[in-house]
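Readers should treat all values here as calculations from the given coordinates under stated rules, not as data from a laboratory. Because the structure is a prediction, the values reported are computed rather than measured. Positions of Cβ are backbone-derived with ideal geometry, glycine not excepted, and every protein chain shown enters the neighbour counts.
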Amino acid sequence: MLIGILLLFIAIAAIVIGRDGENKQKLGALVDSVKPAGEPVEVSLLVGSEKRDFLGDARVIEAFRGAGFAISVHTMGSLEMAERVRDGSLPVHDFYFPASSGNEELRDFVGGSVSRQAYLRSNIAIVARRDVAEDLLAQGYVERAEQNFQAEPATLLQLFTSGQRWREVTQSYQSPLAVGVQTSDPTRSFSSSQFAYLMAHAVSNGNLDTPAAISEAAVDVKPIFQSQGLTEGSSGDSFNQFIASNGQGIPMAVAYDSQYFALAIRQPERAQEFALINLAPTVNIEHELIAHKSAPQAAEFFQVLKDNQQVQQVLAEYGFAAPPLQSVVPAPQLEKTTALAEELERLM
């Protein structure tokens, strides 16, 4: 009852105080003094959607709450985050958790800090209907790699731009649709922009050092994206849509390998209907946690992600702790990624 009266008094005081900075600080201190002991600090995160399931896992939520944080998770394509940094429209959150490209600009924009040890890692890959993957294995487009599959980007580029029909290359999927792969929007989604870069890297033999070379490679890569029409802005939405559709229409989708591992945790029987196709070479992605300059207790928050054993266990289960695959194309600078994405958008 007493706390309720004090909070009402504070609300009235807030109206009177208005925007005066010094008084607002005093008011904030008063609010903190009235809060019940042990009440968690509310923390807002803007993350690439591929990390939504990991951060939404009950064990991760419990670990952060045990350290005094109540987290709320909002999603945005990582490339869109970088673009919105550039035009000044990025919404304010306590922490940002994008994929790696453009993080330096993001960190400078929010005036915040980053813990070099508090990051996740994943690889660009493809998830396909398992029966389709087996057919592609028989046709020599993919290889067996332990429990999963593996393919060269150059081989897949040739397949995706060949104009062949699914019924011509598979026994299990007798569709008249042209062979292709589902992606999210390469101008907003980091995973699809990196996949586009892998395809361009393959067609150009790694020569993407000039605007002319990027433009030329974009012409060859364009058919992969042009046939899809409007696509989702983030890899999480695209992947979930792909799984929900049972891989109908386009039975292959670009994803992070961690998204497949997350599916195997959430729905193990469902995951058996699909197969992970690792790319060789691939792009290994680091997902850095960045604190806004006003984030509460940033060092303590970093510590939970980095050192909490329960969080580390869940992180490994979701595939974010896997070491890079042996065959890796270095992640391109943001300028190359956006230049290729913009050229694809112009051509389409």
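Worth a mention:
- Note that region 246-260 has calculated 3J(HN,Hα) couplings of 6, x, 7, x, 10, x, 9, 9, 6, 7, 7, 4, 5, 5, 5 Hz, one per residue in order, obtained from phi through the Karplus relation 6.51 cos²θ - 1.76 cosθ + 1.60 (θ = phi - 60°); glycine and proline are x.
- Computed magnitude of the charge dipole of region 280-342 (debye, nearest 20; Cβ of K, R +1, Cβ of D, E -1): 40
- Magnitude of the charge dipole, region 210-292, Cβ model with Lys/Arg +1 and Asp/Glu -1, debye to 20: 160
- Amide hydrogen neighbours beyond the local backbone of residue 47, cut-off 5 Å, H modeled: 74, 75, 76, 97
- Under a 5 Å amide H cut-off, with hydrogens placed 1.01 Å from N, residue 329 pairs with 282, 283, 284 among residues at least 5 apart or on other chains.
- Net lengthening on full extension, residue 158/residue 306 (0.36 nm per residue, minus Cα-Cα): 49.2 nm
- Ordering of 204-217, 334-347 by packing [mean C-beta count within 10 Å, highest first]: 334-347, 204-217
- Seen from residue 201, the other residues with C-beta closer than 13 Å to its C-beta sum to a net charge of -3, counting Lys and Arg as +1 and Asp and Glu as -1.
- Taking θ as phi - 60° and the Karplus parameters 6.51, -1.76 and 1.60, the scalar couplings of region 284-299 work out to 8, 10, 9, 10, 8, 8, 10, 9, 5, 4, 9, 4, x, 6, 4, 4 Hz in sequence order, x denoting glycine and proline.
- More than 19 angstrom apart: percent of Cα pairs within region 132-200: 40
- Within the shell defined by Cβ-Cβ distances under 13 Å, the residues around residue 222 carry a net charge of -4, with Lys and Arg each +1 and Asp and Glu each -1.
- Amide H within-cut-off set for residue 255, under 5 Å, with H built and near neighbours excluded: 125, 126, 127
- Length-normalised contact order of region 257-335 in % [C-alpha pairs under 8 Å, at least 6 apart]: 47
- Taking θ as phi - 60° and the Karplus parameters 6.51, -1.76 and 1.60, the scalar couplings of region 181-188 work out to 9, 7, 10, 8, 5, x, 8, 10 Hz in sequence order, x denoting glycine and proline.
- Gained length - residue 215 relative to residue 74, 0.36 nm times residue gap less alpha-carbon distance: 47.3 nm
- Here the spin labels are modelled as points 7 Å beyond Cα on the Cα-Cβ line, and at residue 273 and residue 346 they lie 4.2 nm apart.
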